[in-house]
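Notes follow the structure.
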Amino acid sequence: MRSMNPFRASKGIVSFFMLCVALALTSTIGPRVARAGDDAAAKAPTAVDSVAISDAWAHATPSGSHMGAIYLKLISAKGDRLLRASVPHSITSETQIHETVVHHDSTTGGDTMEMHQVESVDLPAGQTVELKPGSFHLMLIGLKHALKAGDKVSVTLHFEKAGMRTVKADVRSI
Ligand SMILES: [Cu+2]
């Protein structure tokens, strides 16, 4: 069972980021278990149960914005799950794992995007799972201040097997 967010937008008119922000403003997003992507590209980490985390970055946000998003790449040697993520409360009130999905509407011929909060992200053994615009992302809700290009945001990831890992996400201009 998943609850669909009522917000929809035409692809190309509203950016993934802005869509994400708009969706996060609603409170009707229902969690569901996500299936991981299948972007198998990077090398597997060597240690058992370890998860390699790379390319963590966040969108710079306009001043006054209360929403942000963090993206990164994950690869687990033996298979794992990302259970939750957290960012210090000095930066944001809440951090959620979200997924954006694109649906093709055969009636109108256009594409629509919807975003859901997910309970976890599967990390199949040896496969790169990328949190990226238009897909999985970490949604920062209730930013205390704008994220400026060049800043670094500390993000702690909680894995089912690998435990807790903290990395720095580079803030990049949109
Ligand atoms: Cu989001």
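Every number here is computed from the coordinates shown, using simple stated rules; none is lab data. Owing to the predicted nature of the structure, the values given are computational and were not obtained by experimental measurement. Note that each Cβ is placed from the backbone with ideal geometry, even for glycine, and that neighbours are counted across all protein chains shown.
Treating each Cα of the stretch 88-153 as an identical point scatterer and summing with the Debye formula, the log10 of I(q)/I(0) at q = 0.12, 0.25 Å⁻¹ comes to -0.46, -1.10.
Once the chain from residue 55 to residue 102 is taken as fully extended at 0.36 nm per residue, the excess over their C-alpha distance is 14.5 nm. Net charge near residue 150, counting Lys/Arg +1 and Asp/Glu -1 over other residues with Cβ under 11 Å of its Cβ? Net local charge, residue 150 excluded: +1. Kirkwood-type hydrodynamic radius, the stretch 65-174: 15.0 Å, calculated from all non-identical alpha-carbon pairs.
The modelled label-to-label distance for the pair residue 164/residue 93, using points 7 Å beyond Cα in the direction of Cβ, is 2.3 nm.
A Förster distance of 25 Å, applied to the separation of the beta-carbon atoms of residue 63 and residue 154, puts the FRET efficiency at 0.75. Rg and Dmax of the stretch 125-174, both derived from C-alpha coordinates alone, stand at 13.0, 37 Å.
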